[in-house]
Amino acid sequence: MRHLRVAFLLFLVFTVLTGLIYPLLVTGLAQMVFPHQANGSLTMLGDKTVGSELIGQPFSDPRYFWGRPSATTPYPYNAANSGGSNLGPTNPDLVKRVTADVARLRAGHPATEQVPVDLVTTSASGLDPHISPASAYWQVDRVAAARKLDPGAVKRLVDEHVEGRQLGVLGEPRVNVLRLNLALERMGRPTSALTPWPPLPSPAHPAPGEGEPPSPEIRQSAFSPSPGGGLGGRRERGSGGEGASPAVRG
């Protein structure tokens, strides 16, 4: 009986310490020291939340920069179902998907010969919000033409949004697609004139069409990427795709 009493008391003590005091302490410190990160690194447009800096969003409108494909289901960049297809480099489904994506990209960029590899491969999570600087610069002419802007001005905007390596040594330079597109919307327009697009539907509330996101017509706004857009497709093995060369020939 004595041993049971000691075990029960230890159970209560550690339940309070690890189940109550520690979580409250860590949460409180995070809110005081890193409130932006602790609350999901949310991106605001006025008083509206338009997304998170940590989770990508599908863009297919030629007026916006496009991100990487996503293999999450039932729609791209579904944070509730992070993952990928795990297709190998010789899988015919992967070859078919990449070939279709290359053709789609080449159709939107007829003056270029090569497609940056990260625009046709997905990250390990399927949620990567970044693209390489090369992929952003590759899209400058198309975005500038669609918006009737000076390509030099759009290129300078990309320059301003290139993020360096973390701590100067970790990772690679990158561009956050959502941040870049928000800055693009602000070019020559007051912030009050911008309208954030609605969030993607959650799995608990399926959208029309057998669980797919709403059609682009349902979600038109001043800042409205196509929900089923982006490049679609599946994830290849590895965090950076299937290890293809830096560019894919169309």
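The values are calculated or read from the model by the stated rules, or taken from the named source; none is laboratory data. Computed from a prediction, not measured in an experiment: that's the story for all the values here. Positions of Cβ are backbone-derived with ideal geometry, glycine not excepted, and every protein chain shown enters the neighbour counts.
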Some residue of segment 83-90 being at pLDDT below 90, closer than 27 Å to V140 by Cβ, buried (at least 16 other Cβ atoms within 10 Å of the Cβ) and in contact with a helix residue (DSSP H, G or I) (Cβ under 7 Å, 6 or more places away or on another chain): no
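For (1) exposed (fewer than 13 other Cβ atoms within 10 Å of the Cβ); (2) touching a residue at least 40 places away in the same chain (Cβ under 8 Å); (3) among the hydrophobic types (A, V, I, L, M, F, W, C), each residue gets a yes or a no:
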position	(1), (2), (3)
T15	yes, no, no
V26	yes, no, yes
V33	yes, no, yes
G56	no, yes, no
Breaking point among (1) buried (at least 22 other Cβ atoms within 10 Å of the Cβ); (2) hydrophobic (A, V, I, L, M, F, W, C); (3) farther than 30 Å from K155 by Cα, for V115: (3)
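Residue by residue through segment 35-52, note down the ones that are surrounded by fewer than 17 Cβ atoms within 10 Å (Cβ to Cβ) and under 13 Å from the mean Cα position of the chain (by Cα). Steps first, please.
We begin by selecting, within segment 35-52, every residue surrounded by fewer than 17 Cβ atoms within 10 Å (Cβ to Cβ); these are 35-42, 44, 46-49.
Listed by number, the residues that qualify are S41, L42.
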Residue satisfying all of: in segment 103-112; assigned to a helix (DSSP H, G or I) and in contact with a Leu (Cβ under 9 Å, 6 or more places away or on another chain); surrounded by the most Cβ atoms within 10 Å (Cβ to Cβ) among these: L105
Exclusive hit being of a type outside the set (D, E, K, R), more than 29 Å from L157 (Cβ to Cβ), touching a residue at least 24 places away in the same chain (Cβ under 8 Å) and assigned to a loop (DSSP other than H, G, I, E, B), set A71, A100, A80: A71
Check on G51, on the phi > 0 side of the Ramachandran plot, at pLDDT below 90, assigned to a strand (DSSP E or B) and in the same structural domain as V120 (by TED's automatic domain parsing): yes
Filter result for S123 (assigned to a loop (DSSP other than H, G, I, E, B) and under 25 Å from L94 (Cβ atoms)): yes
Selection from segment 130-156 of residues that are surrounded by fewer than 18 Cβ atoms within 10 Å (Cβ to Cβ) and charged (D, E, K, R): D141, R147, K148, D150, K155, R156
